[in-house]
1. If we count other beta carbons within 10 Å of each Cβ, what is the order of 22, 54, fewest first?
2. Hey, how many Å between the Cα centroid of the range 1-39 and the Cα centroid of the range 140-157?
3. Would you order 96, 77, 20 from fewest to most other beta-carbon atoms within 10 Å of each residue's own beta-carbon?
4. Which entry in (1) 1.22; (2) 1.06; (3) 1.39 matches Cα Rg over 2.2 N^0.38 Å derived from the coordinates of this structure?
5. Taking a temperature of 4 °C and a viscosity of 1.567 mPa s, what whole-number D in µm²/s does Stokes-Einstein yield for the range 66-120 with Rh from Kirkwood over alpha carbon pairs?
6. Kirkwood hydrodynamic radius for the range 1-78: how many Å is it when counted over pairs of different Cα atoms?
7. With springs connecting C-alpha atoms under 10 Å apart, model the chain as a Gaussian network and identify which of 14, 116, 23 has the largest mean-square fluctuation.
8. What order do you get for 34, 1, 158 when you list them from fewest to most C-beta neighbours inside 10 Å?
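Every number here is computed from the coordinates shown, using simple stated rules; none is lab data. What you see is a predicted model, and the numbers here were worked out from it, not measured in a lab. Cβ sites come from the backbone with ideal geometry, for glycine too, and all protein chains shown count toward neighbours.
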């Protein structure tokens, strides 16, 4: 039983990391051909188009335009962005803080690939492996919901009202490294898709910072 649970822990993390890297690239940064396919088949492509718009457009293009740690210059800039958002998506996008976190149906769609993996893991390896895999699979969305908003802040700006667990996580070397890793994803959107590190390295989607990148990160307070 112990061996099966340990194997499940590793398996769950690897599945989540590889899924994140692959789906982040394929959906949230989809190319023109894929987006045209979604437009031609709206019943199938509707959820993917909305996910792409929220992440690829709102989070990567229409916010954080000044720098990695400044979502909006002013309230006027935020209001102008609100006017450009389709009415049917506006409520959810604002609840998700313009692509910083997940809320409502966004959580369901984001976790759908993971939910499909659960019966496959249980059928292939049994209930103890599935039990062991759950923490890694749950981390797939938890790190996006709770940690990702803080990656867009200087390392010195720690939350004072978050849980003790979250504040401890944000002080770890993992998150310090992840903040710089995620900065490179915003600067070079074709790489560094993971928040659960691992998949990018194996799939050849990792990019290390240049000397110039390191200077910019220091200026923004992204601890090195």
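1. So the ranking, lowest neighbour count to highest, is 22, 54.
2. 19 Å
3. 77, 96, 20
4. (2)
5. Taking Rh from Cα pairs, D becomes 98 µm²/s.
6. 15.1 Å
7. Among 14, 116, 23, the largest mean-square fluctuation in the Gaussian network model of the chain belongs to 116.
8. Arranged by neighbour count, lowest to highest, 34, 1, 158 become 1, 158, 34.
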